[in-house]
Amino acid sequence: MFKRYHIVFSVSLMILLTLTILSPTILGQEVIELTIAPPKWWSGFRFYKEIWIPYFEGKMAEKGILVKVKIVDYPAPDPPFIERTILDLKAGTAPDIIFVDSFYVGQWAEAGYLYPLTDFVKEWPEWEKYFEPLKRAVIWKGDVYAVLIETDIRPVYYRKDIFKAAGLPVPWEPKSWDDILEAARTIKAKAEEIKAKLGIDELYPIAFKMGKKIEEATPMQGFYMLLAGTGDWIFDEKAGKWVAKSGGLLDSFKFLEIIHKEGLTVPTDLWFAPDPIDLVHRLLAEGKLAIFPTWQGVWYDMGNPAHKWYVPNRDEVVGYTAMPGRRKFLGKEYPTDPEKVTVSGGWTLAISHNSKHPDLAWEFIRSVLGTELSVVRMIVFPGGLPPGTHVSEDPLYKARTDPYTLWAVELVKYTIFRPSRAEYPYVSSAVQEATELILAGKSAEEVMDWYAEKIKEIAPEAWIEKP
């Protein structure tokens, strides 16, 4: 185990034991109890339990304050965990410190469930070092309501062996949607030659996740990667309204229509199979899918001998690149589009509205998300991405982190988060259903008309149409 992990734990425990037993200034004090419900199925649960808590308790004891942090047992995985959190927030019985998926922050803040942190973060040096998109993700109506623990991105993976067999450049760095389509069409045109060279029996040039079966994976790891690249989004923050129609929406639907109608993508039936996520990732791992945007953690899965998507020679045959903005599509130039795009999520720490000790709860958040523990945690439990430069620029973090993760960190500056609005789950469902209409053979124009009507039903007083 990483040496600094033991040092932090040992020092924290020593401080706690020494001060609570020997210091005459705190003997006889009442112990203040703080409660927290960390997701017990996460790989980092042990770190929260064995490092976060004793470290904080020790720091408080050092200041002459006796605190006991109690873990509240919540159900797993995400859906029942979130449901239990909401129920307890409504009842006013939630733990002092709660874990909140970032796209719920605005909804729960609007409902009055979260304690505002604006005044706290003003006095916290690390806050200024958080990446701007991660700050925006936890601000609701001008106030900060949570702090991201870490984040992630969505890269585009590609098979180097397929690209080489097709005569395409490796490394590959597409600059526009037309670049992506050109590569996919080249691979399709040379499919038989490529299959013979690589000894595979099937080959698909590109896949974007589609349909309702895989739920949030469709927008997060597919459609939003396109839409963000047009400079448009599903919600207009300035207008405070959902976007029912826009040029970016239409072109995003068109891109999916093209890869579907030109036979550049995986069979339609795959998206309705019992486990589409596993099937499409297996195609990538087996060298039968050439281009595929998905979650960043797939890289680690493909490098894990115990994982079902393991690729023994991963670094040799799998590459990764950033999703470009639209820039050039169907021959038309879009010079003001973003150069690179990605989409992010991430869990946060927040304080529940019913907390009797919000100041102390903030001290916990500030302590455990400070530079020292954040650097240690992200080295001991790799996979997520740092929330700011206080971690990403730390010499120890940079020295102990693999090249892929360091590359992924650089993409965070381009990222976008889902709107934290009460209507979002219904809008997400509309996006999923819209992609199924494309699978059914509808045109992009027909799909956008359908989508617009759906948005107007979901938010009858809060929609807008854009050019």
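The values are calculated or read from the model by the stated rules, or taken from the named source; none is laboratory data. From a predicted model like this one, the values you see are computed outputs, not experimental measurements. Here Cβ is always computed from backbone atoms with ideal geometry, including for glycine, and neighbour counts include all displayed protein chains.
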Filter segment 321-344 down to the residues that are under 20 Å from the mean Cα position of the chain (by Cα), assigned to a strand (DSSP E or B) and not aliphatic (A, V, I, L, M) and list them by number.
THR321, PRO324, LYS340, THR342
Evaluation of TRP407 against (1) in the same structural domain as PRO174 (by TED's automatic domain parsing); (2) part of a helix (DSSP H, G or I) (one fails), failing number
(1)
For TYR48, work out the one condition from (1) of a type outside the set (Lys, Arg); (2) under 16 Å from the mean Cα position of the chain (by Cα); (3) outside any loop (DSSP other than H, G, I, E, B) it doesn't fulfil.
(2)
Just one of (1) touching a strand residue (DSSP E or B) at 6+ places or on another chain (Cβ under 8 Å); (2) without any contact (Cβ under 8 Å) to a residue 12 or more places away in the chain trips up LYS175, so point out which.
(2)
Scan segment 345-359 for residues that are touching a strand residue (DSSP E or B) at 6+ places or on another chain (Cβ under 8 Å) and outside any loop (DSSP other than H, G, I, E, B) and jot them down.
TRP347, THR348, LEU349, ALA350, ILE351, SER352, PRO358
Wholly within segment 92-198, which helices (runs of 4 or more DSSP H) include no fewer than the required count, namely at least 3 residues that are modelled with pLDDT of 95 or more, of a type outside the set (Phe, Trp, Tyr) and in contact with a Gly (Cβ under 8 Å, 6 or more places away or on another chain)?
160-165, 177-189
Search segment 51-83 for residues being assigned to a helix (DSSP H, G or I) and either outside the structural domain of PHE364 (by TED's automatic domain parsing) or under 22 Å from the mean Cα position of the chain (by Cα) (or both), and hand back the single one that is surrounded by the most Cβ atoms within 10 Å (Cβ to Cβ).
PHE81
When you go through GLU372, GLU433 one by one, which is the residue that is charged (D, E, K, R), surrounded by fewer than 19 Cβ atoms within 10 Å (Cβ to Cβ), assigned to a helix (DSSP H, G or I) and not assigned by TED's automatic domain parsing to the domain that holds THR35?
GLU433
Check off (1) closer than 30 Å to PRO419 by Cβ; (2) surrounded by fewer than 19 Cβ atoms within 10 Å (Cβ to Cβ); (3) in contact (Cβ under 8 Å) with a residue 60 or more places away in the chain for VAL243 and give me the number that stays unchecked.
(2)
